[in-house]
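The values are calculated or read from the model by the stated rules, or taken from the named source; none is laboratory data. Please read all numbers here as calculations on a predicted model, not as lab measurements. Here the Cβ is made from the backbone with ideal geometry for all residues, glycine too, and neighbour counts use every protein chain on show.
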C-alpha cells in the first residue's frame, strides 16, 4: 500500500462530533469516533469538501506561509488563473502580475501560459489516441486520486500529461536559472493556489518522481497583500503576461475543454456531478465524446476553498476579463519545452478492498450484505459512519461493532431489560393479589 500525504487536517479541539462532514465526503473517508471526527488516510483524496462544509472550522487546509519567500535568494510566483477572478473591475492581468513583483517576488510566470502549452499537447494526444476516447482530463489532482482508488477501469482513459502548474514550475525554474545564474536550490518556485490539493501534488506528486514546486501559497493569503500594490501597478504595469483567452479560461469550468477547440466534450464540476459522470462512463453511457473535463470544485478552480470570491461571480469576472484577449500567447513552436507526459504509470490503489485474497474479499462482502440486512437502512449517521453499508464494512474490518448502530443497541437493551421487566410485573401482580 502506498504512503498517503494529505493537505487536509483535523483540529480535534474545534471538532464537535457532528456528522456534517461524514455525509459530504465523496470517498467516505471520515468517521466520528468517541465524539471526534477521524479521517481515514488511505480513503482521503484531499478534495476539501469537509473544509467547505465544517461549520466549526475543525477541518483545515495545509499550505505554506508567505514567509517561505525568505528561504530563497530568488523567488518566482506562479499565479493560478483563478487568482484573476478574485478582483473587482480588473481589466488587465498585467496589473496583478506587476503587483506580485511589487509585493516581493522577483519574477512571475503565469500558470495560464503553461496551460496553453498543455492545451496544444492535449489536442494532439486526443486526436492520435481515438482508442481511448473519451479522454479524461488530469489537471485536477483530486480527480486523478479519485480514479486511482475508486474507478480503476477508467485509468486507460486518462490524459497522461502533467498539470499546467507543474509545467509552469519547470519552465519558470529553467528561465530563472538562465537569467540569474543561481543554482536550482536557491530559486523558490511558489504556486499561488485556489485549493489545498495542489499542496498534496507538490509534496507527493503522482506519475512523476518529484515536483518542481517549492511551496504552495493560498490565494486568500495573497489577495489582501496585493490590493495596495495593484494601485501602484495600475499606473505602469509591466508586460509580464504570457497567456490569452485559452490560458485564462482554465480557471473555470469548461476552460480546459475549450482549449481543445472541439465541441465533442463534456465538462462537469463539483464532486457529486464528477462521480455521476465517472459512474456513467463506467457503464458506457457516453458515445462519440472525445474529451471529459472534470473539476472537483464547483465552478472549477475558482471554487477552491482557498479563494475569497464566490465561485460563480469569479467565473463571470474571468469571462469578462478574457473576452477581448488574443486566443493564445504561448505556443509550443516558440517555447522550448520537453513534452510533459507522465513519467510513471498511474497504478490502482485498492484501498477499499475488504480482504487480501479474492476468496476472502468475497466472503467479507457477503458478511457486509448480511449485516446490512440487519440494519434499518436509514443511513442516519448516528453510528459515526455515513451509511449503514459503511458501518457494516467497518465491522468487517474490525473497526466497529453492531452495537454502534443505535437501533441495534436499542433492541439489544430491550432483550436485556425484558426479563427484569417481566419479574417486576410478576412481583407487582403478586403484591396486588395479596
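Here is how the numbers come out for the structure above:
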read-out	value
Total residues in segment 26-54, condition in a strand (DSSP E or B), over 16 Å from residue 196 (Cβ atoms) and out of contact with any helix residue (DSSP H, G or I) (no Cβ under 7 Å at 6 or more places or on another chain)	3
Test: residue in segment 148-158 that is in contact (Cβ under 8 Å) with a residue 24 or more places away in the chain, buried (at least 23 other Cβ atoms within 10 Å of the Cβ) and in the same structural domain as residue 296 (by TED's automatic domain parsing)	no
Test for residue 15: is it in a loop (DSSP other than H, G, I, E, B) and either in contact with a strand residue (DSSP E or B) (Cβ under 8 Å, 6 or more places away or on another chain) or at pLDDT 95 or above (or both)	yes
Answer from 349, 325 - the residue that is modelled with pLDDT under 95, within 20 Å of residue 93 (Cβ to Cβ) and in contact with a helix residue (DSSP H, G or I) (Cβ under 9 Å, 6 or more places away or on another chain)	325
Test for residue 343: is it in the same structural domain as residue 261 (by TED's automatic domain parsing), loosely packed, with under 15 Cβ neighbours inside 10 Å, more than 18 Å from residue 246 (Cβ to Cβ) and modelled with pLDDT under 95	no
Test: residue 94 is within 30 Å of residue 31 (Cα to Cα) and either assigned to a helix (DSSP H, G or I) or assigned by TED's automatic domain parsing to the domain that holds residue 202 (or both)	no
Yes/no for residue 99 being more than 25 Å from the chain's Cα centre (by Cα), surrounded by 18 or more Cβ atoms within 10 Å (Cβ to Cβ) and either free of Cβ contacts under 8 Å to residues at least 40 places away in the same chain or under 17 Å from residue 217 (Cβ atoms) (or both)	yes
Complete set of residues in segment 73-87 that are more than 14 Å from residue 304 (Cβ to Cβ) and touching a helix residue (DSSP H, G or I) at 6+ places or on another chain (Cβ under 6 Å)	73, 74, 75, 76, 77, 78
Residue in segment 326-339 that is within 26 Å of the chain's Cα centre (by Cα) and in contact (Cβ under 8 Å) with a residue 24 or more places away in the chain present	yes
Residue in segment 172-188 that is within 30 Å of residue 42 (Cα to Cα) and either in contact (Cβ under 8 Å) with a residue 24 or more places away in the chain or under 17 Å from the mean Cα position of the chain (by Cα) (or both) present	no
Qualifying residue in segment 132-141 (condition: farther than 19 Å from residue 47 by Cα and in contact with a helix residue (DSSP H, G or I) (Cβ under 6 Å, 6 or more places away or on another chain))	yes
Any hit, segment 292-314, residues being more than 24 Å from residue 116 (Cα to Cα), modelled with pLDDT under 95 and surrounded by fewer than 21 Cβ atoms within 10 Å (Cβ to Cβ)	no
Residue list for segment 1-22, filter: crowded, with 17+ Cβ neighbours inside 10 Å and touching a residue at least 40 places away in the same chain (Cβ under 8 Å)	4, 6, 7, 8, 10, 15, 19, 22
Tally, over segment 368-389, of residues that are in a helix (DSSP H, G or I), surrounded by fewer than 15 Cβ atoms within 10 Å (Cβ to Cβ) and touching a residue at least 24 places away in the same chain (Cβ under 8 Å)	1
Filter result for the condition that a residue is surrounded by fewer than 24 Cβ atoms within 10 Å (Cβ to Cβ), part of a strand (DSSP E or B) and touching a residue at least 60 places away in the same chain (Cβ under 8 Å), over 281, 266	266
Residue list for segment 247-263, filter: in contact with a helix residue (DSSP H, G or I) (Cβ under 9 Å, 6 or more places away or on another chain) and more than 24 Å from residue 51 (Cβ to Cβ)	247, 248, 249, 258, 259, 260, 261, 262
Yes/no for residue 139 being within 20 Å of the chain's Cα centre (by Cα) and not in a helix (DSSP H, G or I)	yes
